[in-house]
Every structure is written in structure tokens, then in C-alpha cells.
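Working notes, beginning with the structure itself.
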Amino acid sequence: MSEPLVQVKGLKTYFPIHKGIFGGKTGDVRAVDGIDMAIRRGETFGLVGESGSGKSTIGRTLLRLSDKTEGEVTFDGIDLFGLSPAELRRIRPRMQMVFQDPYGSLHPRIRIGDAIGEALLDHGIATKAEARERVREVLSLCGLAPYHIDRFPHEFSGGQRQRIGIARAIILNPEFIVADEPVSALDVSIQAQIINLLHDLQESRQLTYLFISHDLSVVEHLCSTIGVLYLGSLVEMATREDLFTRPQHPYTKALLSAVPIPNPTARRERIVLKGDIPSPANPPSGCKFHTRCPIATSVCREQEPLFRDLGGGHFAACHLV
Ligand SMILES: Nc1ncnc2c1ncn2[C@@H]1O[C@H](COP(=O)(O)OP(=O)(O)OP(=O)(O)O)[C@@H](O)[C@H]1O
Ligand SMILES: [Mg+2]
């Protein structure tokens, strides 16, 4: 098997907490707390977890848009954090991001043709005329009309705006796209259209995705591998098939119990977790999940479980599986 496109080893991203403006550091928010994962070429890796579990921070760190605290990220064998600013700039077109709220990342008074095409001009890849031509092409590819090129962001619907966000991400012909909750702000009917678009683009352009979502049912249809995140750590990682049919970690089981089943006669017992997600500035000792785990024992409070291979690339971090 070929080497993965993105490889992550022991990745930690901490944000320092300061007391007052001039106060010293009093601790860290451990947003990403020791992640190991690999994303194969052409696959969609789904990253799932509750709000605050560190999904966006991982996505940003993988593109070196956030600094890391520890660990390693390689892209196509290149150590991302070892690159000089000039080298980083050269590699940037190969990796792009699609955001949850494309409206927030589009300037209200910049025509979308200019917003989508600016990266081509920035990187000196195209002349103004060539850029306009390329923008028209990606607009149609993303299900928009070439005549939309001179419109402003407010003239589009939410789903169309997300198409603009995707057009903007693919115009430089990237290999890797981090899609951070790209459909969470959209109506269910529009979600399917955007997911289909991402899927079609993946097929036609051999794209590799990190697809971030707080909702397992969204990643189910798109992702070949899924990682479940809790308080900055992966608790389980497996192929979609294994994760949905043989979940091992009690947290994954609880998340899955909330996913609706298409067959109305089948029933799944809903597992409701007690309490709230603890603060990543002060995570529980031992297994971070023990405070909410329905089956925790004393060893879970005392020892941190290893993230180990249960066989066939199915990983879980739990003392009791
Ligand atoms: N720049 C920052 N400075 C300080 N803390 C941060 C920063 N960015 C994120 N955090 C903290 O890191 C933790 C993880 O945040 P992150 O945005 O990665 O979570 P998330 O899983 O994407 O959540 P959501 O589903 O709400 O988008 C949170 O506790 C957050 O408050
Ligand atoms: Mg986020």
C-alpha cells in the first residue's frame, strides 16, 4: 500500500491560559492532546466529536494554520512544521480548507469571481483574463452558473454560498481538503447536495478529504475511515463498516445510539451520557471519559488507556475492550 498522504504522530496543540493581560501563564487548554492518525490518498477521513473536542484545531494544525505544541505532521512525506515560510507558501496550493460558514470568509463587497480567483493571482499562476476563465469553469463544476461571477455574496442562498466556498478551495487544484463542518449550517435537503458535490469532485479530481462533523450520521455516507474524538484525544478509529457495525468504545456506542436507523422496525436503545463534557483545561485523570462512562471501573480513574490496535486497523482507547 502506498504511503499515506497525511501522517500525524503524537500531535499536541495547547493554548496557554494567562491570568489578566500582564499575568503569567496559569495553564493550558489541551485542545489536541496526542493524536496519531494517517489519511490515505483518495480517501475521506471523518473526524467526529462534540463541540470543543478539538476538531477544528486538528484541521487547522494539519494545514499548519495553527501552531503545534508537540508531535509531527507530514504531508506527502514532507515535514510540514520543518518548512520555511517560502517553502510553506509553495506547498499551500496543495492543501485547502472549506469552512462551516462561507459567508463569514467572503468579503461582502468583493464579487465572488474575484474572491474565488484571487488565489490564482496571489500565487502568480494566471493572468487576470485566465483567472476569470478558470473561475467560470470551477463555478460550473460546483453547480453554479458562469454568469454568477460578478455577483456579491449576499445574492446567494446558503447552499450556493457553500458551493462558492468549495469553488474557492478547488481552484488551485489541491490534493488535500479539510472540510470543517461544511454542511452543518445547511438545511437537510441541501446537505445531501453539497455532500454529493464533494463526492463527485473527489472522484473526478482524486481528492483526499478530512471531513469534520459533530454528527456521525453525516460522515456515514462519505467517509471510508472514521476517528472519534473526545477532549482532544481519539478514543476510537476504524473503517466506516467496522465503526458502525462493531463499535468498541463506550463513547462511540453512545454517539451511535443517537443516529437514526432507516429501518423503522429496527430499534436501537438510546444511551444518554451523564454530565457535560469536562474542560480541556482541566481534563479528568486516567481515562478522560471515565466521568461520563456508564461502565467505568477504578482502573479507568487511575490509568490512561493506550490507543491500541484491536486488529485489522480498528483502534480504541479503553481498558475494558
Ligand atoms: N485560539 C485559541 N485560543 C485558545 N483556546 C482555543 C483556541 N482555539 C480553540 N481553543 C479551545 O480549544 C478547544 C477545542 O476547540 P476547537 O475549536 O478545536 O473545537 P471543535 O471540536 O472544533 O468545536 P466545535 O464543534 O464547537 O467547532 C476548545 O476548548 C476551545 O475553546
Ligand atoms: Mg469546530
Subject >> Tabulated pairs, segment 31-58, first over 20 Å from N282 (Cβ atoms) and near ligand 2 (Cβ under 10 Å from one of its atoms), second of a type in the set (S, T, N, Q) and modelled with pLDDT of 95 or more, C-beta under 7 angstrom, 6+ apart or interchain >> reply: none
Original post:
Among V235, V321, V272, which is the only one that is touching a residue at least 24 places away in the same chain (Cβ under 8 Å), surrounded by fewer than 21 Cβ atoms within 10 Å (Cβ to Cβ) and out of contact with any Gly (no Cβ under 8 Å at 6 or more places or on another chain)?
Top reply: V321
Subject >> Filtered residues of segment 96-125 (kept if of a type outside the set (D, E), surrounded by 15 or more Cβ atoms within 10 Å (Cβ to Cβ), under 19 Å from H148 (Cβ atoms) and over 18 Å from the mean Cα position of the chain (by Cα)) >> reply: Y103, L106, R111, I112, G113, A115, I116, G117, A119, L120
**OP:** Test D101 against the criterion of being more than 16 Å from ligand 1 (Cβ to nearest atom) and of a type in the set (D, E), and give yes or no.
**Re:** no
Original post:
Scanning for something touching a residue at least 40 places away in the same chain (Cβ under 8 Å) and surrounded by fewer than 16 Cβ atoms within 10 Å (Cβ to Cβ), does segment 175-188 turn up at least one residue?
Top reply: yes
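Scan segment 55-75 residue by residue and report those that are more than 15 Å from ligand 1 (Cβ to nearest atom) and surrounded by fewer than 17 Cβ atoms within 10 Å (Cβ to Cβ).
E70, E72
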Original post:
Among S213, S217, S204, which is the only one that is of a type in the set (S, T, N, Q), within 16 Å of ligand 1 (Cβ to nearest atom) and within 29 Å of R92 (Cα to Cα)?
Top reply: S213
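Determine if segment 94-115 includes at least one residue that is of a type in the set (S, T, Y), within 15 Å of ligand 2 (Cβ to nearest atom), modelled with pLDDT of 95 or more and in a helix (DSSP H, G or I).
no
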Original post:
Going by the conditions given, is R270 out of contact with any strand residue (DSSP E or B) (no Cβ under 9 Å at 6 or more places or on another chain), farther than 20 Å from T225 by Cβ and part of a loop (DSSP other than H, G, I, E, B)?
Top reply: yes
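Can you find, within segment 1-44, the residue that is farthest from ligand 1 (Cβ to nearest atom) among those that are among the charged types (D, E, K, R) and closer than 23 Å to T208 by Cβ? Give the steps one after another, and end with the answer.
Initial filter on segment 1-44 (among the charged types (D, E, K, R)): 3, 9, 12, 19, 25, 28, 30, 33, 36, 40-41, 43.
In the following step, the residues that additionally are closer than 23 Å to T208 by Cβ were identified as 3, 9, 36, 40-41, 43.
On the way: E3: 27, K9: 19, D36: 17, R40: 23, R41: 25, E43: 21 Å.
Per the criteria, the residue is E3.
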Original post:
Can you tell me which of V299, V321 is outside any loop (DSSP other than H, G, I, E, B), of a type in the set (V, I, T) and out of contact with any Lys or Arg (no Cβ under 7 Å at 6 or more places or on another chain)?
Top reply: V299
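The values are calculated or read from the model by the stated rules, or taken from the named source; none is laboratory data. Values in this document were obtained by computation on a predicted structure and should not be read as measured data. So basically every Cβ, Gly included, is an ideal-geometry build from the backbone, and we count neighbours across all protein chains shown.
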